[in-house]
Amino acid sequence: MNKRIIVGNWKMNPASFKDAEKLFVDIAKSILYIKKTEVVICPPFLYLDRLKKISRKIFFGAQDASYEDSGAFTGEISPLMLFNAGVKYVILGHSERRVLGENNVLVNKKIKACLRAGLRPIVCVGEDTRDENHGYFNLVKVQLEETLAGISRNLISKIVVAYEPIWAISSTVSRHDATSAESLEMAIFIRKILSDKFGPEAKKIRIIYGGSVNEKDALEFLKNGGVDGLLPGRASLDAKKFAEIIKIAESL
Ligand code: PGA
């Protein structure tokens, strides 16, 4: 079995470093005991460098990266800068970035740039609605095929795939909860696509679930959702809730 991973996506929060530090310290203090679970926090870029001194138990992730290594790209942060700042993971292709115009081709370029720099991409896939004809399976298939095009088999174990149905994410107006059965079904489907594409090596790719995961349903998703971990957003901004999710993962 792959090592379980819990990734907190802070998105564009909190507004000050002071609050970010407090949240981080509160989380760090409550998970000193963990042994089995890989804990990753993805704060805004600005806080990464300063937070990294606080805990050895927590790995860092960024929420995006440029597809270029360096150069005249105003406003961008390169994978190499992130690597040099001690970052291990990068969330790529999040639905909140796709609405800003990011597509599979761009995500593919970012994945390649991050792998080149020694980072581990957390590649987000997921449909915005579920239609009666199950066309959403095809959408996820295309997302995987296009974002992972041209990635060599020997790097595939560095990749985490996050299934995040947009209709379940907390920022979606009129959202509703996904069930562990829906997660399981999609996780099996994703696994099949990955093994068709990459062969037995694909087993090393971790698949995680995200979409309003909280301390109440984390156990259900981890036990019955067919996934190796979780990607909570809102719940990761509450130290108690996030620590509880980690405790659940650690207990399994
Ligand atoms: P959420 O965010 O848990 O607040 O729905 C998850 C995500 O968008 O990564």
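Observations on the structure shown:
- Considering the range 112-128, and only residues there that are under 18 Å from Ile190 (Cβ atoms) and either without any contact (Cβ under 8 Å) to a residue 60 or more places away in the chain or touching a helix residue (DSSP H, G or I) at 6+ places or on another chain (Cβ under 7 Å) (or both), the residue that is nearest to the ligand (Cβ to nearest atom) turns out to be Cys124.
- As a summary of the residue check, Gly118 satisfies the conditions (1) at positive phi; (2) over 18 Å from the mean Cα position of the chain (by Cα) except for the one numbered (2).
- Pairs where the first residue, in the range 157-177, is among the β-branched types (Val, Ile, Thr) and within 12 Å of the ligand (Cβ to nearest atom) and the second is open to solvent by 10 Å² or more (accessible area, probe 1.4 Å) and in a loop (DSSP other than H, G, I, E, B), C-beta under 6 Å, 6+ apart: Ile166/Asp128; Ile166/Thr172
- Check on Asn9, more than 14 Å from the ligand (Cβ to nearest atom) and within 30 Å of Ala202 (Cα to Cα): no
- Residues in the range 17-27 that are touching a residue at least 12 places away in the same chain (Cβ under 8 Å) and open to solvent by 10 Å² or more (accessible area, probe 1.4 Å): Phe17, Glu21, Leu23, Val25, Asp26.
- If the condition is being within 16 Å of the ligand (Cβ to nearest atom), of a type outside the set (Lys, Arg) and under 20 Å from Val160 (Cα atoms), then the range 72-101 contributes Tyr89, Val90, Ile91, Leu92, Gly93, His94, Ser95, Glu96.
- Taken over the range 213-234, the criterion of being within 11 Å of the ligand (Cβ to nearest atom) and either open to solvent by 10 Å² or more (accessible area, probe 1.4 Å) or at pLDDT below 95 (or both) is satisfied by Asn214, Asp217, Gly233, Arg234.
- Those residues of the range 194-212 which are within 16 Å of the ligand (Cβ to nearest atom) and without any contact (Cβ under 8 Å) to a residue 60 or more places away in the chain, in sequence order: Ile207, Tyr209, Ser212
- Of all residues making up the range 81-96, the number that are assigned to a helix (DSSP H, G or I) and either among the β-branched types (Val, Ile, Thr) or touching a Leu at 6+ places or on another chain (Cβ under 9 Å) (or both): 2
The values are calculated or read from the model by the stated rules, or taken from the named source; none is laboratory data. Treat the numbers as computed from the prediction; the structure is a model and nothing was measured. Backbone-built Cβ (ideal geometry, glycine too); neighbour counts: all protein chains shown. Remember, those area values only see protein heavy atoms, side chains included, never the ligands or the DNA or RNA. Shrake-Rupley method; radii C 1.70, N 1.55, O 1.52, S 1.80 Å.
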